[in-house]
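Visitor: Before we start, here is the structure in question, set down as structure tokens.
Values quoted throughout were computed directly from the atomic coordinates according to the rules given, and no laboratory measurement underlies them. Everything quoted here is computed from the prediction, not taken from an experiment. All Cβ positions, glycine included, derive from the backbone under ideal geometry; neighbour counts span all protein chains shown.
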Amino acid sequence: MTASPSPALPDQRLATGAVRLAARHAGHFSPETVQRLLADSYLRLAETAHVNTHLVVLAERLATERLNALAHTQAAGTGIPRVLFVCSHNAGRSQMAAALLGLRAGGRVVVSSAGTDPAAEVEPEVAQVLTEAGVALQDVYPKPLTDEVIQAADIVVTLGCGDACPVVPGRRYLDWPVADPDGVSVTAVRAIRDEIDAHITELLATLPGT
């Protein structure tokens, strides 16, 4: 039987990442699956980040997150809580929530964020107040909502995405009615960050092992 050809990469700079991810997931996912997911991640990000010199790097990061989520789902979980934050653009509230939970949980929670209609970049004021809180910004970028990440989540927290927010049976859902930081002063964004942080504290108290 002739092996099916590998899917074409939309950018040949992705080839090194494809090899790296295939080696990391050898024995679990085929190189073709890895390459297909990496190519799809690149194209999804390219739809919103029209001019982005880091697009190849971000595509590999997104593909890594999706592959890890898919592996988690297929292995029926690892016991570590997985929390997904969703808002419309993944440029403000959900980014702050994910970053703050990751900071507070210290590796005891797997955290993801995504947008139903992701923006091209995180809002500058949001990046500023996260830096002030001690968050490293290398993983803070708008991401599209994907099936792998939704299916892997134990808890889905929605922050203003309305009817576009995902609904998956068997998940714990929370909705945090937090103001949108888009277009407001950095002082107001700090207040929104602190409000989200209070919700994070409450959430951590309900998670096993945290």
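Visitor: Taking C-beta distances below 4.7 angstrom as the pairing criterion, name the unpartnered cysteines of the chain, in sequence order.
Guide: For the chain, the answer is 87, because their Cβ atoms have no other cysteine Cβ under 4.7 Å.
Visitor: Another question about this same structure. Once the cut-off is 17 Å, how many percent of the Cα-Cα pairs in the range 80-210 end up in the long-distance tail?
Guide: When every Cα pair of the range 80-210 is considered, 52 percent fall beyond 17 Å.
Visitor: In addition: Per-residue ellipticity at 222 nm for the chain, helices alone: DSSP H runs ≥ 4 residues times -39500 (n - 2.57), over residue total, nearest 500 deg cm²/dmol?
Guide: Dividing the helical sum by the residues of the chain leaves -14500 deg cm²/dmol.
Visitor: By count of other Cβ within 10 Å, fewest leading, how are 165, 87 ordered?
Guide: Result, fewest neighbours first: 165, 87.
Visitor: Using Cα springs under 10 Å in a Gaussian network model of the chain, which residue among 196, 150, 80 shows the largest mean-square fluctuation?
Guide: Maximum among the listed residues: 80.
Visitor: Separate question: Which of 158, 131, 73 ends up with the largest GNM mean-square fluctuation for the chain, with Cα atoms connected below 10 Å?
Guide: With Cα springs under 10 Å in the chain, the top fluctuation among 158, 131, 73 is at 131.
Visitor: Assuming R0 = 25 Å, what is the FRET efficiency of residue 12 and residue 47, from their Cβ-Cβ distance, to the nearest 0.05?
Guide: It comes to 0.80.
Visitor: Next question, about the same structure. Among 129, 149, rank each residue by its count of other Cβ atoms within 10 Å, from fewest to most, as a rough exposure measure.
Guide: Ranking 129, 149 by Cβ neighbours within 10 Å, fewest first, gives 129, 149.
Visitor: Quick query: amide H of residue 85 versus all other amide H atoms, modeled in the peptide plane; which residues come in under 5 Å with a sequence gap of 5 or more or a different chain?
Guide: When sequence neighbours closer than 5 places are left aside, the close amide H contacts are 112, 113, 114, 157.
Visitor: On to the next question. Could you give the length gained by full extension between residue 120 and residue 173, i.e. 0.36 nm per residue of separation minus their alpha carbon distance, to one decimal place?
Guide: So the extension gain works out to 16.4 nm.
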